[in-house]
């Protein structure tokens, strides 16, 4: 007995996104069409697959168990298709990663990957919006999800940093509340890191502090080394700068503790090439 086959990719996308709207956008359908496909599948199965909770959808126990099976089955179909496609077989692995992680962890070691595996090809992208279209994604504190594996890679603790020269010339900086009298360096992509670290203080500090904004992430770190102001960074990315005294970490007791994780579908472990990349990535980060 087979279910409505057109509903299965829709169900897989909704379950992966846990959002009808995001699934609809990914599938180029209207939210109404997505909802109808889910209702048709629920009618066929005779069970509810999702329920609403606090303005979001969550799996029912039956829905989560069914999604894991459907996700795995569709993954096998995708992998089988890639296997018989000559172009796909020759294509690169697609891995998403934050830019600063690539700069500090991956790029210095990438030559070793290609020396060890001359036929290896990897394309790194910044977006993790559609992890199903990726071979893997490096993310900060990724959440577990059915059918996926997460390798813990490295600490990603958040803390403000500045140069010793800036600290000597700046106003007193005894507590985080004093930041509203300082210069904060921000980038459009990572301003949320400041917001996460500041918490309830964010609006007040931003309204009073002098803020210098950069379009590209990473420029605020250069600005901090040059003494322009205070940046918020992942401490593991600036280990050398801290050790050499180019930067000083502030408010150690206020550090936000997070980590980098490598997320990928269990099905990827059937690929020798992917397993080689996974092993190399873990060793490259460990050696950093």
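For the reader, a short list of remarks on this structure follows.
- Helix 107-116 axis, angle to the chain major axis (alpha carbon atoms, nearest 10°): 50
- Read-out percent of Cα pairs over 32 Å apart, derived from the coordinates shown; its label in (i) 35; (ii) 41; (iii) 28: (ii)
- Mean-position separation - Cα centroids, the stretch 189-232 and the stretch 47-77, in angstrom: 39
- Here the peptides 93-99, 43-49, 235-241 are ranked by packing, the mean other Cβ count within 10 Å, and the order with the highest first is 93-99, 235-241, 43-49.
Computed from the coordinates by the stated procedures, all read-outs in this text should not be read as laboratory data. This is a predicted model, so every value here is computed, not measured. As a convention, Cβ positions derive from the backbone with ideal geometry for all residues, glycine included, and neighbour counts pool all protein chains shown.
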